[in-house]
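Here the structure comes first, spelled out in structure tokens, and everything after it is commentary.
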Amino acid sequence: MKTAFITGVTGQDGSYLAELLLGKGYDVHGLVRRSSTLNRSRIDHLHQHERLHLHYGDLTDGVSLVNLVRSIEPDEVYNLGAMSHVKVSFEMPDYTASTNAIGTLRLLEAVRAAGLDCRFYQASTSEMFGSTPPPQDETSMFHPRSPYGSSKLQAHWVTVNYREAYDLFAVSGILFNHESPRRGENFVTRKITKAAAAIAAGVQEHVTLGNLDAVRDWGYAPEYVEGMWRMLQQDEPDDFVMATGEGHTVREFCDAAFTHAGLNWEEHVRYDESFTRPSEVNALIGDASKAHRELGWKAHTTALDLARLMVDADVEEINRFLAR
Ligand code: NAP
Ligand code: GDD
């Protein structure tokens, strides 16, 4: 049976990927960061699984990566760990680059040094396209607009280079935004659905947002981790875009979420410039035809379905909380 090593296992995607691989019979090893309080709520339900093993380490600590890769001897490495918040990356550019760009280099070097026959997945992003207008696909020009986007672009090219230079089976998934009830609370979709649930329950009055005109291609995270796995099962390594192909504004997402909660968004959404970015990515809409053609992968859940399923999950969560 195969062994996988996942960085970012405590994150949204890492938690769904761990579930997927455990379900396929893999031994799953996850990298966790030391923190003063445990930060594992997304994988709590898996913690007694006999094939899930957690290890302390950090993408900024090359020695921990070398030691872990050597002792785990993974067949597949999924590098999902990252400082993943675009706005925060403007406030922490040095740490963002160290984790996302150099962290990827450290992990690739750990795999190379171990001399393993191991496949490597890099979590690349549509943010690398930045100001290039949609639709974006694998051939579109990269023009990142944030320290996050540029750190991910370096990681992307390092991954390509290790494939070309060392013949490593290393691939990048260029994933457009994907969300779920496990999405971090300071990303716009979850911020909106959590607020809609709280306002409907009468415990909050409004939510403050930034740019409502930005267009994103929002898909459903569990479908995207399936695509990551498929990329590592190919005969030859290659990079793929994963997206729904549908673009919606933040305003449209608000409307869908608040309407589903029985509210009028315009009565509850306020604007604050502090939630805007020094340079914005105006529109991301992906063309995932190559993934459909070569991986048989397709997104099924659209942004408006997603708004509704995330509101339902947040309503359930707040009702559980209020009933305590
Ligand atoms: P997420 O929920 O923010 O999770 C990020 C994960 O990275 C967490 O497990 C976090 O650990 C870990 N991490 C952060 N800094 C680290 C460090 N220095 N060393 C080791 N681990 C570290 O992100 P996500 O939405 O699941 O995204 C997964 C990956 O896909 C990320 O690389 C992201 O940039 C990329 N991506 C995401 C999307 C999207 O729309 N979700 C789209 C394209 C690409 P803690 O739990 O301890 O913080
Ligand atoms: N976070 C946030 N908070 N974003 C807001 C807000 C707000 O209050 N108001 C408006 N927005 C706008 C942002 O300006 C951006 O245009 C859009 O909503 C989406 O923001 P996020 O949800 O923070 O996601 P992102 O698109 O910047 O980045 C996510 O997707 C990338 C893939 O395209 C992250 O998951 C990245 O890690 C990922 O690579």
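The values are calculated or read from the model by the stated rules, or taken from the named source; none is laboratory data. Remember, predicted model here, so these are calculated numbers, not experimental data. Because the Cβ atoms are built from the backbone with ideal geometry, glycine has one as well, and the counts that use them run over all protein chains shown. Just the protein is used for accessible areas: all its heavy atoms, side chains included, with ligands, DNA and RNA removed. Shrake-Rupley method; radii C 1.70, N 1.55, O 1.52, S 1.80 Å.
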ALA82 meets each of (1) under 20 Å from ASN177 (Cβ atoms); (2) away from ligand 2 (no atom under 15 Å from the Cβ); (3) not hydroxyl-bearing (Ser, Thr, Tyr) with one exception, condition (2)
Counting only residues in the stretch 26-56 that are open to solvent by 20 Å² or more (accessible area, probe 1.4 Å) and among the small types (Gly, Ala, Ser), the one nearest to ligand 1 (Cβ to nearest atom) is identified as SER35
(1) of a type in the set (Val, Ile, Thr); (2) in a loop (DSSP other than H, G, I, E, B); (3) open to solvent by less than 30 Å² (accessible area, probe 1.4 Å); (4) more than 9 Å from ligand 2 (Cβ to nearest atom) all hold for VAL225 apart from (2)
In the stretch 85-97, anything more than 10 Å from ligand 2 (Cβ to nearest atom) and either within 11 Å of LYS152 (Cβ to Cβ) or open to solvent by less than 40 Å² (accessible area, probe 1.4 Å) (or both) is listed as THR96, ALA97
Expected output for the stretch 265-292 (first residue within 16 Å of ligand 1 (Cβ to nearest atom), partner assigned to a loop (DSSP other than H, G, I, E, B) and hydrophobic (A, V, I, L, M, F, W, C), Cβ below 6 Å, 6+ apart or cross-chain) is LEU284/PHE176; GLY286/PHE176; GLY286/ALA243; ALA288/ALA243; ALA291/TRP297
When the stretch 110-158 is checked residue by residue, the ones that are within 12 Å of ligand 1 (Cβ to nearest atom) and assigned to a loop (DSSP other than H, G, I, E, B) are PHE129, SER146
Of those in the stretch 110-157 that are of a type in the set (Phe, Trp, Tyr) and surrounded by fewer than 23 Cβ atoms within 10 Å (Cβ to Cβ), the residue farthest from ligand 2 (Cβ to nearest atom) is TRP157
Of those in the stretch 132-153 that are in contact with a strand residue (DSSP E or B) (Cβ under 6 Å, 6 or more places away or on another chain) and charged (D, E, K, R), the residue nearest to ALA283 (Cα to Cα) is ASP137
